[in-house]
Amino acid sequence: MLRRRIIPCLDVSGGRVVKGVEFVNLRDCGEPVDAALRYAAQGADELCWLNITAGDESWHGLLTQVEEAAIRLDVPLIVGGGVTRELQVRELLLAGADKVSVNSAALARPQLVADCADRHGSQCIVVAIDARRCGDRWEAVAGGGRRATGRDAVAWAVEAVRHGAGELLVTSMDADGTQAGYALELYERLLDAVDVPIIASGGASGPNAIADVLSVGVSAALAATIFHDGLHTVEEVKSACRDRKLPIR
């Protein structure tokens with residue numbers, strides 16, 4: 001059985017780690033490379049670096065920070081945010097990212113996923129899906145949660161995998177930053193629909209909530225607030241998962 005992963009998330013804006021609730025009301029949480037090193041020392045299995053205001057960021061500045069982090073880190077690094085072209089995927093991989101996440105651009109042009117997977121391999125292409133509950137289904141939203149698409153999130157996940165996505169990073173926007181627990185039903189539906197690893201994101205309230213979503217069957221759990229605010233460490237989360245007999249790294 002594949003061991004589950006714990007992934008701290010660094011939402012980066014203006015070169016700083018930030019965190020909000022449902023993608024708004026952002027507050028400063030420190031310097032990203034320092035945070036990455038801290039979480040790596042705690043035993044993080046991977047780190048996720050999302051450039052959440054990518055349209056306003058310096059691409060060169062992002063590459064420089066990612067390169068600095070990759071040189072100093074000994075854990076895999078997922079990087080995303082504002083990636084719209086295959087060339088940008090190549091640049092991030094050359095800077096030291098192990099995987100690259102694509103989101104809004106892939107929704108607008110699914111062929112981007114296929115192009116990137118063909119050139120670099122599915123194993124390093126992560127399609128991020130921001131999903132908002134809409135009645136009895138979830139809608140995929142774009143533009144950092146600001147733009148409705150009308151597209152069913154589970155159907156989009158299936159299409160993304162068909163185009164070559166090797167992994168999915170799925171965030172429940174309704175739960176993001178609330179510490180109210182993960183949207184377990186969303187991940188159960190996704191697990192029934194696709195056969196690639198799924199990273200669950202949004203709603204981590206502590207070690208037990210993370211153990212809950214890993215018990216559903218996702219491959220990894222992503223969390224931010226509980227780590228940034230020092231409420232829990234990565235090792236505390238792993239200890240709780242081991243107590244639940246989950247296969248953890």
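Take the residues of the stretch 49-73 that are modelled with pLDDT under 90 and in a loop (DSSP other than H, G, I, E, B): which is farthest from the chain's Cα centre (by Cα)? Filtering first and then ranking leaves Ser58.
In the stretch 30-48, of all residues being touching a strand residue (DSSP E or B) at 6+ places or on another chain (Cβ under 6 Å) and farther than 19 Å from Ala221 by Cβ, the one that is modelled with the highest pLDDT corresponds to Pro32. Whether a residue is touching a residue at least 40 places away in the same chain (Cβ under 8 Å) and within 20 Å of Arg38 (Cα to Cα) was assessed, and Ile199 does not pass this test.
When the residues of the stretch 159-182 are narrowed to those that are aliphatic (A, V, I, L, M) and touching a Gly at 6+ places or on another chain (Cβ under 7 Å), which ends up surrounded by the most Cβ atoms within 10 Å (Cβ to Cβ)? Outline the logic, then answer.
Filtering the stretch 159-182 for residues aliphatic (A, V, I, L, M) gives 160-161, 165, 168-170, 173, 175, 180.
Now narrow it down to the ones that are touching a Gly at 6+ places or on another chain (Cβ under 7 Å): 173, 175, 180.
Working: Met173: 20, Ala175: 24, Ala180: 15.
The extreme case among them is Ala175.
Set side by side, the residues Leu62, Leu47, Leu94 differ, and just one is of a type in the set (A, V, I, L, M), surrounded by fewer than 16 Cβ atoms within 10 Å (Cβ to Cβ) and farther than 19 Å from Val196 by Cβ, which is Leu94.
Every residue in the stretch 97-119 that is surrounded by fewer than 19 Cβ atoms within 10 Å (Cβ to Cβ) and more than 23 Å from Ala153 (Cβ to Cβ), please. Correct list: Asp98, Asp118, Arg119. Where helices (runs of 4 or more DSSP H) fall entirely within the stretch 79-174, those with at least 2 residues that are over 26 Å from Gly15 (Cβ atoms) and either small (Gly, Ala, Ser) or free of Cβ contacts under 8 Å to residues at least 40 places away in the same chain (or both) are at 111-120, 153-162. Going by the structure shown, is Val17 modelled with pLDDT under 95, in contact with a Pro (Cβ under 9 Å, 6 or more places away or on another chain) and over 29 Å from Glu159 (Cβ atoms)? Yes, satisfied.
The values are calculated or read from the model by the stated rules, or taken from the named source; none is laboratory data. Quantities reported herein were computed from a predicted structural model and do not represent experimental measurements. All Cβ positions, even for glycine, are placed from backbone atoms using ideal geometry, and neighbour counts span all protein chains on display.
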